[in-house]
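Worksheet: the structure to be examined is printed underneath.
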Amino acid sequence: MIVVITLLILGLIIFLHELGHFATAKYFGMPVSEFSIGMGPVIFKKTKGSTQYSLRLIPIGGFVSIDGMIEASRDDKDFEKFTDEEIEEYNKNGFMSHPKYQKIIVLSAGVIMNFATAFIAAILYSLFIGKGFELVGKIFIGGFYQTLLGIKMLLTGAAKANQLVGPVGLPSVVGQIVDQAGYMVLFNLFAILSINIGILNLLPIPALDGGRIIFVILEYFGIKVNKKIEEYLHMIGLGLLLLLMVYVFYNDISRIVHKYF
């Protein structure tokens with residue numbers, strides 16, 4: 001039961017994050033080719049208009065594919081079969097063709113959604129336990145403080161990477177919290193996890209929202225990075241993040257094995 005609840009909480013946080021990107025991209029007329037929850041093989045998909053909505057096998061992560069994140073050209077093998085008219089249309093309407101402020105709004109919308117829903121969850125938790133909004137600031141600001149403190153401890157070596165808890169180990173933590181404080185504390189947990197995911201996505205690391213925002217900000221100051229190089233950097237960043245995810249998975253499973261075997 002706790003495993004299902006944990007996956008639902010994570011899934012909702014990810015859905016709301018991606019919804020922020022999706023809604024703002026659509027609002028500004030950016031072509032969205034896919035809105036996916038989960039990673040890996042597709043287990044359900046439905047196409048509406050020009051967008052495919054999909055649910056993937058691994059219930060971790062998600063993404064919104066916005067066309068035109070890089071400028072199309074015949075030199076790129078991904079576009080070698082495109083006609084000149086199709087390439088022109090792709091570049092004309094895609095992400096890169098839009099004003100810089102719109103690009104920043106779309107890239108930051110997921111994080112803003114995380115923070116907004118965390119604040120709402122903190123309000124609901126305070127109302128349910130009868131505290132007219134005493135805990136809202138404590139939960140909301142505390143979530144930021146604890147997340148930033150955790151990042152600082154990792155960077156300074158005060159905390160070790162093997163202490164990180166991932167999706168596999170999270171249900172155990174959630175179960176302990178629920179046993180101690182009851183199911184209402186899940187609103188509090190939602191707020192903290194949402195803030196955590198929001199801040200992590202803002203880090204200036206390629207492949208994350210924060211990394212992409214940095215490149216747009218550089219454009220504001222007239223510093224243009226070759227889009228192919230930028231995408232390679234994002235690919236490297238994504239690879240490193242996947243390695244970190246595998247490492248965290250390994251630590252989670254190791255803790256479970258040591259605990260029960």
Study note, to complete from the structure: Note on the stretch 35-67: residues under 20 Å from the mean Cα position of the chain (by Cα) and over 18 Å from residue 14 (Cα atoms) are 51, 67
Review point. Inside the stretch 89-189, counting only helices (runs of 4 or more DSSP H) that do not spill past its ends, which hold 2 or more residues that are under 17 Å from residue 25 (Cα atoms) and at pLDDT 85 or above?
Key: 100-128
Point to revise | Residue satisfying condition, being within 22 Å of residue 113 (Cβ to Cβ), of a type in the set (A, V, I, L, M, F, W, C), assigned to a helix (DSSP H, G or I) and open to solvent by less than 70 Å² (accessible area, probe 1.4 Å), within set 238, 193, 218 | key: 193
Check your understanding: Would the stretch 111-128 turn up any residue that is over 24 Å from the mean Cα position of the chain (by Cα) and not aromatic (Phe, Trp, Tyr)?
Key -> yes
Review point. Listed residues 252, 209; which is modelled with pLDDT of 85 or more, within 26 Å of residue 143 (Cα to Cα) and buried (at least 18 other Cβ atoms within 10 Å of the Cβ)?
Key: 209
Check your understanding: Does residue 63 satisfy being assigned to a loop (DSSP other than H, G, I, E, B) and either open to solvent by 50 Å² or more (accessible area, probe 1.4 Å) or hydroxyl-bearing (Ser, Thr, Tyr) (or both)?
Key -> no
Check your understanding: Quick one: which of 106, 42 is surrounded by 12 or more Cβ atoms within 10 Å (Cβ to Cβ), in contact with a His (Cβ under 9 Å, 6 or more places away or on another chain) and either within 25 Å of residue 241 (Cα to Cα) or not hydroxyl-bearing (Ser, Thr, Tyr) (or both)?
Key -> 106
Revision key, fill the gap. Result of the Cβ filter at 9 Å on the stretch 71-84, keeping first residues that are open to solvent by 100 Å² or more (accessible area, probe 1.4 Å) and partners that are among the aromatic types (Phe, Trp, Tyr) and part of a loop (DSSP other than H, G, I, E, B), at least 6 apart or interchain, is 74/82
Review point. Does residue 51 satisfy the condition of being of a type in the set (S, T, N, Q), open to solvent by 80 Å² or more (accessible area, probe 1.4 Å) and touching a strand residue (DSSP E or B) at 6+ places or on another chain (Cβ under 8 Å)?
Key: no
Review point. At pLDDT 95 or above, within 30 Å of residue 182 (Cβ to Cβ) and of a type outside the set (Val, Ile, Thr): does that describe residue 16?
Key: yes
Revision key, fill the gap. Those residues of the stretch 131-184 that are open to solvent by less than 60 Å² (accessible area, probe 1.4 Å) and over 28 Å from residue 59 (Cα atoms) come to a total of 4
Check your understanding: So which residues in the stretch 221-235 are in a helix (DSSP H, G or I) and either touching a helix residue (DSSP H, G or I) at 6+ places or on another chain (Cβ under 9 Å) or open to solvent by 100 Å² or more (accessible area, probe 1.4 Å) (or both), if there are any at all?
Key -> 227, 230, 232, 233, 234, 235
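The values are calculated or read from the model by the stated rules, or taken from the named source; none is laboratory data. Here the structure is a predicted model, which means the values were calculated and not measured. Here Cβ is always computed from backbone atoms with ideal geometry, including for glycine, and neighbour counts include all displayed protein chains. Note: accessible area is taken over every heavy atom of the protein model, side chains too, but ligands, DNA and RNA are not part of it. Shrake-Rupley method; radii C 1.70, N 1.55, O 1.52, S 1.80 Å.
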